[in-house]
Amino acid sequence: MWDDLRAHHARTGRRRFETLFDDRRAKDYSVRVGDMFFDYSKTNIDAEARALLIDLLEQAKVAERREAMFSGEAINETEGRAVLHTALRNLDGGPIKVGGQDVMPEVRTTLKRMETFAEKVRSGAFKGQGGAITDVINIGIGGSDLGPAMAVRALSPYHDGPRGHFVSNVDPGDIADVLRRCDPATTLVIVASKTFTTIETMTNAHTARAWMSEAVQDPAAQFVALSTSKSRTEAFGIPAERVFGFADWVGGRYSVWGPIGLSLMIAIGPDAFRAFLRGGQEMDRHFRAADWHENMPALLALVGIWHAQVCSYATRAVLPYDNRLGRLPAYLQQLEMESNGKRVSMDGADLTVQSGPIVWGEPGTNGQHAFYQLIHQGTRIVPCEFMIAARGHEDELHHQQQLLIANCLAQSEALMKGRSLEVARAMMEKAGLEGDELERQARHRVFEGNRPSTTLAYPRLDPFSLGQIIALYEHRVFVEGVILGINSFDQWGVELGKELATALQPIIEGKKPGTGKDGSTAGLIDYLQRHGA
Ligand code: F6P
């Protein structure tokens, strides 16, 4: 199948895909879920390519794997775990069994506990030692930070709870800047860590506790833990009533839907949080039921596979024309790259195709004034994934939203159509140039075009549509992983750096000699020690 796809690409890769447009293409190469609309017609995928890509889904048994995931089978084979973040948004769905036991009663009980606690914090019934909570600091990293941090920013128009802050980096500057803005007597600290062992998070949690203990009698009373580890949260001194647990079948980068989303729930309230879960659930239902031709996550995945594995484009840019999605590219970097950045397949054999691509991006229009130059005229092709809302939240500034929309659509149009040398020459002629100078200047103004992009459009960035978007990308990653034969749910590639950092710490602190280190590392240790405090 890969060979057929490559042969098809070899045959068609040089044509201008703009010529594929007839009066049906835009409709045939777009899909809806509720009010959400995904257009992939501005790519070189034609009917034959799409049929071959859909064959890949069949060949990889994506439908069977999808059902195995939703029904709680241990599809994370290297860790022997089920993958059930979908259970966290299975609001009115049926039972889901892991090891013969229905997990839904526990999911519902935890959600209710979170809601009761969030309401108490928001109403002022839960107090700090200096009065009602004014600030909430979420301390976590990776999936225990990116999800809630991204979503709190995305949903700022719905924010009516205490101020929210996020501390993730072990860099002392991160926590120092946040603590400086907060009053310890009215601050709630949420320690978010699935394992409750992550060095950055635990170091920051201890720093926050020391900061608080200088101002209040009982700092632990203003701490909450979100974790799978009861024993470690207890050892840290956080009482069980303020620990919100979850099972090991919730992967870190898929965890915003459960307790790790507590800071989001406190910010926007339980009702809006439920709307977020409903958006995710609607995407789940669509993903499970829709034919492949109409299946938004599957089609997004196939476009991804086409560009990364068939066309060999190394990266893809995520370009939300929605400033509040400013953290979405970082969130998707973890979701996509930690999930599918792997060089061996499930059975340990080397992959025979490229692993998942490098994902990066920034909101438009800012990116236009930074890196779009390369996207339009660089020698590398970067498939672009645009996102745009029909409406913003600032009705009085609707004209700015319209300008934003115009910019978004202009970019995908420019990427596809480009500007020919003839047109550029005519422009230079009109500007009064002639001869060699005209030719030289014209060449700088050529846009090759024929550069692919997709556009995801939605009515407005509200809790429901954000839930849809996140679940859409989760399932996209899942489908791509199944096609590649990867386990998308482990992350062994982050371990080695952690081990080496642990071994280096006493050397940096001067407690152990750095013998045996390579020359480069030894030289850097020497420099940093000599210039340190
Ligand atoms: O280092 C990677 C990682 O394990 C991520 O997968 C995870 O989201 C992050 O660290 C944080 O882990 P924890 O929630 O256990 O602190």
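Some values worked out for this structure:
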quantity: Residue in the stretch 445-462 that is in a helix (DSSP H, G or I) and not hydroxyl-bearing (Ser, Thr, Tyr) present; calculated: no
quantity: Members of the stretch 125-151 that are among the hydroxyl-bearing types (Ser, Thr, Tyr) and closer than 23 Å to residue 255 by Cβ; calculated: 144
quantity: Residue among 205, 215, 176 that is crowded, with 22+ Cβ neighbours inside 10 Å and not assigned by TED's automatic domain parsing to the domain that holds residue 505; calculated: 205
quantity: Residue within the stretch 121-134 that is touching a helix residue (DSSP H, G or I) at 6+ places or on another chain (Cβ under 9 Å), in contact (Cβ under 8 Å) with a residue 24 or more places away in the chain and closer than 26 Å to residue 491 by Cβ present; calculated: no
quantity: Some residue of the stretch 403-422 being in a loop (DSSP other than H, G, I, E, B) and of a type outside the set (Asp, Glu); calculated: yes
quantity: Which listed residue, of 163, 113, 153, 108, is out of contact with any strand residue (DSSP E or B) (no Cβ under 7 Å at 6 or more places or on another chain) and in contact (Cβ under 8 Å) with a residue 24 or more places away in the chain; calculated: 153
quantity: Qualifying residue in the stretch 320-335 (condition: farther than 20 Å from residue 62 by Cβ, within 16 Å of the ligand (Cβ to nearest atom) and in a loop (DSSP other than H, G, I, E, B)); calculated: yes
quantity: Set 385, 439: member being in the same structural domain as residue 309 (by TED's automatic domain parsing), in a strand (DSSP E or B) and of a type outside the set (Val, Ile, Thr); calculated: 385
quantity: Candidate set: the stretch 224-238, residues that are away from the ligand (no atom under 12 Å from the Cβ), outside any helix (DSSP H, G or I) and of a type outside the set (Gly, Ala, Ser); chosen: the one surrounded by the most Cβ atoms within 10 Å (Cβ to Cβ); calculated: 224
quantity: Answer residue from the stretch 195-207, given it is among the β-branched types (Val, Ile, Thr) and part of a loop (DSSP other than H, G, I, E, B) and is farthest from the ligand (Cβ to nearest atom) among those; calculated: 197
quantity: Filter result for residue 192 (within 16 Å of the ligand (Cβ to nearest atom), over 29 Å from residue 505 (Cα atoms) and either crowded, with 20+ Cβ neighbours inside 10 Å or among the hydrophobic types (A, V, I, L, M, F, W, C) (or both)); calculated: no
quantity: Subset of the stretch 174-189 that is in a helix (DSSP H, G or I) and within 25 Å of residue 252 (Cα to Cα) - its residue that is farthest from the ligand (Cβ to nearest atom); calculated: 178
quantity: Identity of the residue in the stretch 239-261, touching a Pro at 6+ places or on another chain (Cβ under 7 Å) and assigned to a helix (DSSP H, G or I), that ends up nearest to residue 279 (Cα to Cα); calculated: 261
quantity: Matching residues in the stretch 484-533 - criterion: being away from the ligand (no atom under 16 Å from the Cβ) and under 20 Å from the mean Cα position of the chain (by Cα); calculated: 484
quantity: Unmet criterion (only one of (1) of a type outside the set (D, E, K, R); (2) more than 18 Å from the chain's Cα centre (by Cα); (3) assigned to a loop (DSSP other than H, G, I, E, B)) for residue 355; calculated: (2)
quantity: Matching option when the condition is over 21 Å from the mean Cα position of the chain (by Cα), small (Gly, Ala, Ser) and either modelled with pLDDT under 95 or more than 14 Å from residue 318 (Cβ to Cβ) (or both), among 370, 457, 471, 389; calculated: 370
quantity: Condition broken by residue 142, with the remaining ones in (1) within 16 Å of the ligand (Cβ to nearest atom); (2) at negative phi satisfied; calculated: (2)
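Matching residues to (1) without any contact (Cβ under 8 Å) to a residue 24 or more places away in the chain; (2) part of a loop (DSSP other than H, G, I, E, B); (3) surrounded by 15 or more Cβ atoms within 10 Å (Cβ to Cβ):
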position	(1), (2), (3)
466	no, no, yes
469	no, no, yes
477	no, no, yes
482	no, no, yes
487	no, yes, yes
501	no, no, no
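The values are calculated or read from the model by the stated rules, or taken from the named source; none is laboratory data. Just so you know, these numbers come straight off a predicted model, no measurement behind them. So basically every Cβ, Gly included, is an ideal-geometry build from the backbone, and we count neighbours across all protein chains shown.
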